[in-house]
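What follows is one structure encoded as structure tokens, with my remarks underneath.
The values are calculated or read from the model by the stated rules, or taken from the named source; none is laboratory data. All figures in this text were calculated on a predicted structure; none of them were measured in a lab. No Cβ is skipped: glycine too gets one built from the backbone with ideal geometry, and neighbour counts run over all protein chains shown.
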């Protein structure tokens, strides 16, 4: 399939710059993937829409304040975003500024880096000194890596609260699992009162999730590896719920990718404690996920490919059926002035 088949026009004014306040007051579009029917609701009505037949699965990853500024030996200023820890002293990073292999970057008196490699838009750096205190330095001095389309000048303490879900527990991501941002304690309590069960997994959201698709054909795109963890206890619990006829509702594309990574050809979910590079695009057939809550995604993005694959059912004959349902929904969202992307409104596909 051509990447251009997943392009659409979005008025700049519909790109959300702040989350709703309160969070659970975002709008929610409901898409029936069997017939393409569209309904409009609000996220705070989710407990009314769902029943005990659903099991919700969340990503408990935590976004690192991983964007910092440093100086080259020449005095030039550079921006460094720590993306992925490979060893105690080696990281994958994104760097803004003129950089060559061998460049040394000073972040503080105690921390100095050196660029040792560059491949697929990612720099690899070695920490010459200060590797033991880097995490603490990021916690104190780092900035939250808000997406570039968010132009609002919010203060750092505000960004740390707004760009983090209430489930955030395991440090390691450079982007939030944004479908989780809509949840509040009162929504969780209402869901629990309806005897709806929850489960948690961890997928460290990395560069691959938001990297632009440069290939003309979507099949030629490759996604970087991301660490994920599904415990045996969680796998056993979700497998049992599937046997009982429950529907697995993935809260976000990261959860969907993790569950599909760890599910075998017979539809059994397994323990998983390693990396995933799963790339889902039409005509992928989902093995474990029955429903998905997700935000509205960027044009020509891998996440838009994923939800297009999910919207297609076995009854659909056209390879573009899922994409057509999603694009009909997106046109409706633009018409109704839904808010798009990370801080925007959401869509329940079921």
Only one of 127, 105, 101, 95 is farther than 24 Å from residue 227 by Cα, crowded, with 19+ Cβ neighbours inside 10 Å and at pLDDT 95 or above, namely 105
Residue 248: passes all of (1) at positive phi; (2) outside any loop (DSSP other than H, G, I, E, B) but (1)
Exactly one of 266, 241 is within 28 Å of residue 32 (Cβ to Cβ), at pLDDT 95 or above and assigned to a helix (DSSP H, G or I), and that residue is 241
Flagged in segment 188-199 as touching a residue at least 24 places away in the same chain (Cβ under 8 Å) and either surrounded by 19 or more Cβ atoms within 10 Å (Cβ to Cβ) or not in a strand (DSSP E or B) (or both), in numbering order, are 190, 191, 193, 194, 195, 196, 199
Of 33, 23, the only residue that is at pLDDT 95 or above and surrounded by fewer than 20 Cβ atoms within 10 Å (Cβ to Cβ) is 23
Over segment 189-214, the set of residues farther than 27 Å from residue 268 by Cα and within 21 Å of the chain's Cα centre (by Cα) is 207, 210, 211, 212, 213, 214
For strands (runs of 3 or more DSSP E) lying entirely in segment 65-172, having 3 or more residues that are touching a strand residue (DSSP E or B) at 6+ places or on another chain (Cβ under 9 Å), closer than 30 Å to residue 198 by Cβ and not assigned by TED's automatic domain parsing to the domain that holds residue 230 picks out 77-85
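Taking the condition of being surrounded by fewer than 23 Cβ atoms within 10 Å (Cβ to Cβ), under 15 Å from residue 267 (Cβ atoms) and touching a residue at least 12 places away in the same chain (Cβ under 8 Å), how many residues in segment 231-247 meet it?
Number of matching residues: 7.
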Filtering segment 173-185 down to residues that are under 21 Å from residue 148 (Cβ atoms) and in a loop (DSSP other than H, G, I, E, B) yields 174, 175, 176, 177
With respect to residue 222, is the statement that it is over 14 Å from the mean Cα position of the chain (by Cα), in contact (Cβ under 8 Å) with a residue 40 or more places away in the chain and farther than 19 Å from residue 349 by Cα true?
yes
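So that you can scan it fast, the table gives a plain yes or no per residue for (1) closer than 21 Å to residue 310 by Cα; (2) at pLDDT 95 or above; (3) in a helix (DSSP H, G or I):
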position	(1), (2), (3)
236	no, yes, yes
254	yes, yes, yes
260	yes, yes, yes
287	yes, yes, no
